[in-house]
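The block underneath contains the structure these notes are about, expressed in structure tokens.
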Amino acid sequence: MLNDDDLNRYARQVIIPNFDEEGQEKLLFSKCLIIGAGGLGCPVALYASAAGFGHIEICDDDTIDLTNLNRQIAHKNNRIGFNKAENLVQECLKINPNITIKPNKKKFDKSSDISGFDLIFDCSDNQETKYTINLLSHLSKKTLISGSAVQMEGQLAIWKSGLNKDYPCYECVFPKTKELAPITNCRQAGIIGPITGLIGSMQVNEGIKEIALKNCNSRAGYLFLYDGLAQSLDKIKLTKNKKCPVCSIL
Ligand SMILES: [Zn+2]
């Protein structure tokens with residue numbers, strides 16, 4: 001049962017058809033992990049907190065740098081040098097002090113435990129971490145909502161390979177290769193802040209749908225490509241790679 005404060009705080013979303021109080025209760029009970037507290041992690045954590053995701057952990061070992069501030073909107077000038085996960089938690093609590101949210105200052109790697117979460121948000125900015133998040137999400141049978149952004153383009157996908165063997169995983173679609181990968185990190189290629197803002201917002205939108213909305217078809221199995229120059233969004237149906245080393249485990 002939602003209390004009076006919850007009914008007021010979430011009033012504008014519980015009136016949405018297929019959401020209602022039952023959806024809000026599901027959100028408040030859910031446990032989500034946000035990996036990365038940067039350009040994507042900031043909007044994901046801020047909107048997830050505001051929407052009432054009840055239990056959130058934010059994982060990032062990095063500290064705030066001046067070059068982050070064009071896009072990592074939760075981090076302010078006077079917090080340069082502070083840990084990103086800790087600072088983002090503090091900013092989220094300013095919006096919604098009624099949720100449980102905590103930082104994890106360790107680097108995300110294969111030893112990370114994701115078993116206690118319902119939903120994983122991949123807001124990381126490098127390929128190696130994305131492969132690790134994909135592997136652990138697959139093995140732990142978690143729904144993974146993955147975002148990435150570079151220059152004026154962004155990508156969004158929902159992965160459920162561990163829950164349903166018909167769905168592809170991240171590595172099915174982006175196989176590891178020995179060839180030199182194109183530059184896809186924002187340190188070298190650049191990034192416009194609104195692109196990370198858009199993709200992060202879309203990640204939370206999908207998270208709300210996955211957890212709270214009734215009669216809502218999951219968008220798992222598709223890759224969404226946003227082009228900020230053309231102002232276009234393409235949807236690509238993904239296929240499973242029968243030789244994928246991750247999917248062949250389960
Ligand atoms: Zn796979």
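The values are calculated or read from the model by the stated rules, or taken from the named source; none is laboratory data. Computed from a predicted structure; not experimentally measured. Neighbour counts run over all protein chains shown; Cβ positions are idealised from the backbone, glycine included.
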Taking into account only those residues within the range 94-106 that are part of a loop (DSSP other than H, G, I, E, B) and exposed (fewer than 13 other Cβ atoms within 10 Å of the Cβ), which is farthest from the ligand (Cβ to nearest atom)? P97
Please work out which one of (1) loosely packed, with under 12 Cβ neighbours inside 10 Å; (2) touching a residue at least 12 places away in the same chain (Cβ under 8 Å); (3) in contact with a helix residue (DSSP H, G or I) (Cβ under 9 Å, 6 or more places away or on another chain) is the condition D166 fails and give its number. (3)
Taking into account only those residues within the range 186-201 that are crowded, with 22+ Cβ neighbours inside 10 Å and not hydroxyl-bearing (S, T, Y), which is nearest to I34 (Cα to Cα)? G200
Residue check: is G39 more than 22 Å from I195 (Cβ to Cβ), part of a loop (DSSP other than H, G, I, E, B) and not hydrophobic (A, V, I, L, M, F, W, C)? no
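Per-residue answers, yes or no, for (1) within 15 Å of the ligand (Cβ to nearest atom); (2) part of a strand (DSSP E or B):
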position: I114; (1), (2): no, no
position: D125; (1), (2): no, no
position: E128; (1), (2): no, no
position: K141; (1), (2): yes, no
position: A149; (1), (2): no, yes
position: N164; (1), (2): yes, no
position: R187; (1), (2): no, no
Within the range 52-70, restricting to residues that are in a loop (DSSP other than H, G, I, E, B) and within 16 Å of the chain's Cα centre (by Cα), the one that is surrounded by the fewest Cβ atoms within 10 Å (Cβ to Cβ) is G54
Give me the residue from the range 130-156 that is out of contact with any strand residue (DSSP E or B) (no Cβ under 7 Å at 6 or more places or on another chain) and not hydrophobic (A, V, I, L, M, F, W, C) and, out of that set, surrounded by the most Cβ atoms within 10 Å (Cβ to Cβ). H138
Can you confirm whether N215 is within 16 Å of the ligand (Cβ to nearest atom) and either under 29 Å from G23 (Cα atoms) or surrounded by 14 or more Cβ atoms within 10 Å (Cβ to Cβ) (or both)? no
Quick check: is even one residue across the range 81-96 under 19 Å from E210 (Cα atoms), at pLDDT 95 or above and touching a Ser or Thr at 6+ places or on another chain (Cβ under 9 Å)? no
E206 fails exactly one of the following numbered conditions: (1) within 16 Å of the ligand (Cβ to nearest atom); (2) crowded, with 17+ Cβ neighbours inside 10 Å; (3) farther than 20 Å from E128 by Cβ. What is the number of that condition? (1)
Within the range 8-18, which residues are modelled with pLDDT of 95 or more and over 24 Å from the mean Cα position of the chain (by Cα)? N8, A11, I15
Pull out all pairs, ordered by first then second residue, where Cβ-Cβ is under 7 Å, the residues are six or more apart or on different chains, the first lies in the range 92-120 and is under 21 Å from R9 (Cα atoms), and the second is among the aromatic types (F, W, Y). I99/F53
Filter the range 219-250 down to the residues that are away from the ligand (no atom under 16 Å from the Cβ), of a type in the set (S, T, Y) and touching a strand residue (DSSP E or B) at 6+ places or on another chain (Cβ under 6 Å) and list them by number. Y226
